[in-house]
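The values are calculated or read from the model by the stated rules, or taken from the named source; none is laboratory data. Since the structure is predicted, the reported quantities are computational estimates derived from the model, not experimental observations. Note that we place each Cβ from the backbone using ideal geometry, even for glycine, and neighbour counts take in every protein chain shown. Ligands, DNA and RNA are stripped out before the accessible areas are found, and what is left, the full protein with its side chains, is counted by its heavy atoms. Shrake-Rupley method; radii C 1.70, N 1.55, O 1.52, S 1.80 Å.
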Amino acid sequence: MTADSTPALVQQADAATDGPPAGPSAARGPRARNTTAYLKYVAAKIAGAVVSLFAVLVTSFFLFRLIPSDPVKQMTGGRPVSAEQLESLRHQLGLDQPMWQQFTSYIGDALTGDFGVSFAYHAPVIDKIVEKLPATLLLTGTAYILYSLIGLWLGTRTAWRNGSAGDRFNTALALTLYSVPSFWLGLLLIIVFAVGVGPIPGMFPTGGMSSGDTGGFDYVIDVAHHMVLPVITLVAVGYAQTLLVMRSSLLDEMGSDYLTTARAKGLRDDVVRRKHAVPNAMLPTFTLMFVNLGHVVAGQILVETVFSWPGLGSLFYQGLSTPDLPLVQGLFFVFATAVILANTLADVLYPLLDPRVGR
């Protein structure tokens, strides 16, 4: 064998080693291993979500029984009622049963989707939830879309122009709004723009979802008119949180070497930001957006209460005031389920955005 043939043999050996495996062993390559790892990752996240849901189910039973109030006496409204009548009402509501029996009955019924009958409304809890859910989704869903888009846009611009006057103003405003309690901001908006202060006339309703005397397209306009103040309240707090997270994440990326390389290749500044920096900075904001997505179903209890919005938040507040145990237990489970499912969905999608997650 000549010396000249040695490099050729080495190249052939390297090619045989580096090339894809032939035959059935190809199915056990990197792609198959990555798919298996991803499926195990997803299964672990789903299993964790199931455990969390069961923990929430148990917590929802015991938590609201710590409220120092008697539901039966609250339902009678302070009217004179005999002890026999109170005992009969407790028996009808199942409150005279031992705690362990109430617990097992609740768990068994809840696993089939039956959260019992509301003490105050004398209707199945699930029916009341379905009845009020559209109003909550309309209000919080509209606010969610708006504050997510505004927060992402402003967060990107403020971070990219770090230190400018616009960055300082937007960051200061976001920090202020993020620190303000949502119910206090809602009350302030009602005083200024619904009641009217000085030269500012009352332009919007103080609460409710509609005036109740309109139909057709006029009804749509009426509902939109009632939504203005509560949506502004939710957007003001939500966009501030999204802006701050996006700004912080993008600032961490701006000193990376790959951005310097992209600029060195002659790419325009807006292309570097849009195609390189922002996608890599999205993961923390992506997490926040999915957490907030779960809150779309949970609604904003205080905001809905302040504006008398007939959604799940107001229903939960009314249930707490009794306390209407089946109602608040069912609502608490639905709220927690929405957040857990949103977080689980985010966890499942993470590896698709960043392959380093889930390895």
Matching residues in the range 290-315 - criterion: being closer than 17 Å to Tyr239 by Cβ, open to solvent by 30 Å² or more (accessible area, probe 1.4 Å) and modelled with pLDDT of 85 or more | none
Look through the range 159-209, keep the residues that are of a type in the set (Val, Ile, Thr) and under 17 Å from Ile232 (Cα atoms), and return whichever of them is nearest to the chain's Cα centre (by Cα).
-> Val180
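Of the residues that sit in the range 191-212 and are in contact with a strand residue (DSSP E or B) (Cβ under 9 Å, 6 or more places away or on another chain) and of a type in the set (A, V, I, L, M), which one is nearest to Gly313 (Cα to Cα)?
First pass over the range 191-212, keeping only residues in contact with a strand residue (DSSP E or B) (Cβ under 9 Å, 6 or more places away or on another chain): 191-193, 202-203.
Okay, now just the ones that are also of a type in the set (A, V, I, L, M), so 191-192, 203.
Values: Ile191: 22, Val192: 24, Met203: 25 Å.
By that ranking, first place goes to Ile191.
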For the range 132-152, name all the residues that are open to solvent by 20 Å² or more (accessible area, probe 1.4 Å) and in contact with a helix residue (DSSP H, G or I) (Cβ under 9 Å, 6 or more places away or on another chain).
-> Lys132, Leu133, Leu137, Leu138, Thr142, Tyr144, Leu146, Tyr147, Leu149, Ile150, Leu152
Give the residue that is farthest from Val192 (Cα to Cα), with candidates limited to residues of the range 236-270 that are open to solvent by 20 Å² or more (accessible area, probe 1.4 Å) and hydrophobic (A, V, I, L, M, F, W, C).
-> Ala264
Name the residues in the range 269-312 that are more than 14 Å from the chain's Cα centre (by Cα) and outside any helix (DSSP H, G or I), would you?
-> Phe307, Ser308, Trp309, Pro310, Gly311
